[in-house]
Amino acid sequence: MTDQIARIRITLDDIEPAIWRRIELPLTNSLKTLHLAIQAVMLFENYHLFRFDVGDASYGIRFDDDYMDPPTRDAGNIRLAKLVERGITDFTYTYDFGDDWRHSIVIEAVLPADPTADYPRFINGERRAPPENVGGPPGFEQFLEAMAKPRHPEHKSVLQWYGRPFDPNDISPDDISARMETLAKRRASGKAAHAKRKA
C-alpha cells in the first residue's frame, strides 16, 4: 500500500492580512512532528510550550503535575492518521501561552505520497510570521508600525531589538526549506533505524 500524506493549511489567527502556510506531512507522523513542522515554516524558535486542541482533548507536552481539566495528553502519542480516521480535519494549535499565538489547522486533503519527495515538506504560504516574544497580535501590530516608519519614536529601539529590518511580505522560503529539510532528514534517519531494528 502506498504511504499517504496530509496536505495541511496553517493560518495564524487574529492577524490581517493573513499569515498562512501549506505543508505536507505523512499520516504516520504525530502531532509533535506537526508542531515541529509549524515551528519550521513559521520560523519560530521552539522556545515556548504549545498545545493542540482537538475536539475535547488537548495535546502537548505532558507534565506529572498537569492540573488542566482535562489533562494534556502527549502530542507524540497521537498520529495524524488517527485524526483522519475519526473524521477530524480542523483543530487549533497554540504556541507561546504568553504571546498566545493561535493557529487554525485544516487538513485539506489526504493524498498518496510522492516516492521521490522528502517529508515533511513546505508547499507555499504568504506573509512573514511574527518574531518570538513580540507581545502577541497587539505587540506585532505595534512592531510592524514602528518598523515601517523610520520617524516612528520606537523605530530605532525596535530595529535594535529585532537586529535587522523586517519585511512582512518575505516569508524566507529558503530558510523554511532548510528547516524542513532538517526535519525530513531526522525522519529518514529514524525510519532507517526502525527498519534496521526490525531486520
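From the list W101, W161, the lone residue that is modelled with pLDDT of 95 or more and over 20 Å from I8 (Cβ atoms) is W161.
If I filter the stretch 126-144 for residues that are over 21 Å from the mean Cα position of the chain (by Cα) and free of Cβ contacts under 8 Å to residues at least 24 places away in the same chain, do I get at least one hit? Yes, that holds for at least one residue.
Identify, please: which residue in the stretch 89-138 is among the charged types (D, E, K, R) and closer than 16 Å to A18 by Cα and is, among those, surrounded by the fewest Cβ atoms within 10 Å (Cβ to Cβ)? The qualifying residue surrounded by the fewest Cβ atoms within 10 Å (Cβ to Cβ) is E126. Checked against the criterion of being β-branched (V, I, T) and farther than 15 Å from I5 by Cα, the candidates T94, T89, T116 yield just one match: T94. Check the stretch 65-88 and report whether any residue there is within 24 Å of I171 (Cβ to Cβ) and either among the basic types (K, R) or surrounded by fewer than 21 Cβ atoms within 10 Å (Cβ to Cβ) (or both). Scanning the stretch 65-88 turns up no residue that is within 24 Å of I171 (Cβ to Cβ) and either among the basic types (K, R) or surrounded by fewer than 21 Cβ atoms within 10 Å (Cβ to Cβ) (or both). A single entry from R51, R22, R62, R7 fulfils the requirement of being in contact (Cβ under 8 Å) with a residue 12 or more places away in the chain, surrounded by fewer than 19 Cβ atoms within 10 Å (Cβ to Cβ) and under 21 Å from G98 (Cα atoms): R62.
Whenever a residue of the stretch 156-179 is surrounded by 13 or more Cβ atoms within 10 Å (Cβ to Cβ), its partners that are part of a helix (DSSP H, G or I) and among the β-branched types (V, I, T), lying with C-beta atoms within less than 7 angstrom and at least six residues away or across chains, give the pairs I176/V41.
The values are calculated or read from the model by the stated rules, or taken from the named source; none is laboratory data. Quick caveat, the model's predicted, so the values are computed rather than measured. Glycine gets a Cβ as well: all are built from the backbone with ideal geometry, and neighbour counts include every protein chain shown.
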